[in-house]
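The values are calculated or read from the model by the stated rules, or taken from the named source; none is laboratory data. This is a predicted model, so every value here is computed, not measured. A quick note on method: Cβ atoms are made from the backbone with ideal geometry, for glycine too, and the neighbour counts reach across all protein chains shown. For the accessible areas, the whole protein counts, side chains as well, though only heavy atoms, and no ligand, DNA or RNA atoms are used. Shrake-Rupley method; radii C 1.70, N 1.55, O 1.52, S 1.80 Å.
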Amino acid sequence: MTDPTPPTVQTPRKSHSTLFSSRTAGGRMPLTPSPRARAVQNQSPFTPPRQRQPEPEWNVDRKPTKSGSLQAAFESLKVSGSSKTRPAPPAAASKSAPLATSPKSTRSPLELNLGVSEWSLTGSGQSPVKKKKSKSSKTTIRMNGDRFIPTRSASSPTAASKIERPRPSSQTSNRPGSATGRPIPSADNVLRGGVFGSDDDNTNPNISSGDDTEPISYERPNPESLAYESSVAAACGVDLTTRILAFKPAAPESSKPIDLRTQYNRPTKSSAPSAQFRRRILTAPERVLDAPGLVDDYYLNLLDWSSANQVAIGLERNVYVWNADSGSVSQLLETAADTYVSSVKWSADGAYVAVGVSNGDVQIWDVDDQTKLRTMSSHDSRVGSMAWNKAILTTGARSGNIYNHDVRIAEHKTAELLSHTSEVCGLEWRSDGAMLASGGNDNLVNIWDARALAAPKWSKTNHKAAVKALAWCPWQLNLLASGGGNYDGCIHFWNSTTGARVNSIDAGSQVTSIKWSTSYRELVSCHGLPDNQLSVWSYPTLVRNVEIPAHETRILHSALSPDGTTLATAASDENLKFWKLFEKRPAGAAGAGAGRGRGGKAAGMKQMTIR
């Protein structure tokens, strides 16, 4: 039995005369790959050798047309496929089935058998005509490439969107072979529609691939949804035919035309010329006085400045009064030999001075007459801090007890404020007399309500050292500043209404006293080791405006003049210094001045001079 001859494969090939001719290709696929073909990148060793332009060839079992135009060639070429398959994109079709083939190729065992197509391609340029199914007509297509590589671009959503849209008229042309002048389908469209089927199962065969656009689908709204929207709109009182955000009446219009260029490009100018930015703070003291015998004790309060412009200072057993107007100094009193002065405090009118003694007594002196009016003995330990509230004198002792004394009556002790467990070293009444702040060596800050003195309204434990520095803000009555000792070095700001801490400063050293300015929104703090400095802070920005090295040793006490311009400081170096920190504003200056709070000093107080 002889070997069967290889079947004849007829391949349509475009000749130089723009006609299709056939060439017989035969042979078997070689079993061993060519070395040259193996050098190709990403190619299997079992892949047969390719030509320079390896492209698959389409072999159709029909006799080729030897003459005629390209249109006639397409008329004679009938490629059928299943009507239920979806076509591949144009790019995929052109890659899978190009028309130009190599002149010679090996036979591939891969065969693609497709069913009967319902479409037949005509060469007249008309739309494909639907034909009846024929059971006998079946086309076998052999691909003589090395292998069949399916395209994955058919599953791409972008490629599908390109297929669904009709081609523009610019891609179709009236070729000479067309009798009617209608556009002739291109080769990739022929193969896509004939071999791979239609992209849409419900495609109308009478629609041509011209400039016709797809109809826009419109769905009528659901009557139930409309009824529900109407009922909700009626319940809410909303008219569905009008805009909800429309102005009723019309939108307001500006009285002047808006010029954004002049609004945003003009230079910013301050609201008013403020003296705060032009003033200079002197870093040298205005005057220095000797204070021999000043006790170096942090918990005592031995310096105070009266509203009558007189400075009282306690030096060991004596109390001296220096008149800032005349510059004269007088000795007011001298205590017993076994005692010393532990605190001094002027009354609000500047006529009387209270003196605390180390044995627990409190003495009231008339400065003009230089006579002692009375002595109040209630504490059993030294009285280190005192504060006046009209006729009520509040005293704090080393025992931690705070007493209220009414100096007008014989039974002077009217209230006991018991909360501190260690020495009370700071006392300060608010200017309106409604709140009292106390600080002690137990690191507590207590805020008392004058109407209920049984217990403090707020008790703060944020400080880590003894609290001596206390000051109420003159322009914001519910703002209290407190400063901690050596192991704390912080200034905290409290809201006496809510008890909240509203701000804080880490001063870096022991805080011995705090004074608020009555002319600027500033405060000054006095410090101990290591720098023994004065610091002026802006509030609420808490920016340090100036820092002045004031004394050789720690600053123990400070007092502000009645006009709010000068600060007096006393230190253990036995010096009493006066600093011009808050210069008076000009008469017409406006802006961010603090002004005087309610219950402050009289507005008509004359400015003092130091001699």
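If you go through segment 269-285 one residue at a time, do you hit one that is part of a loop (DSSP other than H, G, I, E, B), surrounded by 15 or more Cβ atoms within 10 Å (Cβ to Cβ) and at pLDDT 90 or above? Within segment 269-285, one or more residues are part of a loop (DSSP other than H, G, I, E, B), surrounded by 15 or more Cβ atoms within 10 Å (Cβ to Cβ) and at pLDDT 90 or above. The set of residues from segment 515-565 being over 36 Å from the mean Cα position of the chain (by Cα), open to solvent by 30 Å² or more (accessible area, probe 1.4 Å) and not basic (Lys, Arg) comprises 518, 529, 530, 531, 549, 552, 553, 560.
Would you pick out the residues in segment 510-525 that are closer than 26 Å to residue 384 by Cβ and assigned to a loop (DSSP other than H, G, I, E, B)?
Of all residues in segment 510-525, those closer than 26 Å to residue 384 by Cβ come to 510-516, 523-525.
Answer for segment 510-525, where residues must be closer than 26 Å to residue 384 by Cβ and assigned to a loop (DSSP other than H, G, I, E, B): just 510.
Scanning segment 485-507 turns up at least one residue that is exposed (fewer than 15 other Cβ atoms within 10 Å of the Cβ) and aromatic (Phe, Trp, Tyr).
Pairs meeting the criteria (first residue in segment 562-585 and assigned to a strand (DSSP E or B), second residue among the acidic types (Asp, Glu) and surrounded by fewer than 22 Cβ atoms within 10 Å (Cβ to Cβ), beta carbons under 6 Å, at least 6 apart or on different chains) are 578/286; 580/286. Show the residue pairs meeting these rules: Cβ distance below 6 Å; 6+ apart or different chains; first residue within segment 438-450 and more than 17 Å from residue 383 (Cβ to Cβ); second residue outside any loop (DSSP other than H, G, I, E, B) and β-branched (Val, Ile, Thr). Taking only residues 6 or more apart or on different chains, the pairs are 445/467.
Count of segment 319-336 residues, restricted to those that are touching a residue at least 24 places away in the same chain (Cβ under 8 Å) and buried (at least 16 other Cβ atoms within 10 Å of the Cβ), is 6. Taking segment 286-318 as the search range and keeping residues that are part of a loop (DSSP other than H, G, I, E, B) and among the aliphatic types (A, V, I, L, M), which one is surrounded by the fewest Cβ atoms within 10 Å (Cβ to Cβ)? This residue is 295. A single member of 453, 417 is open to solvent by 30 Å² or more (accessible area, probe 1.4 Å), in contact with a Leu (Cβ under 6 Å, 6 or more places away or on another chain) and closer than 20 Å to residue 376 by Cβ, and it is 453.
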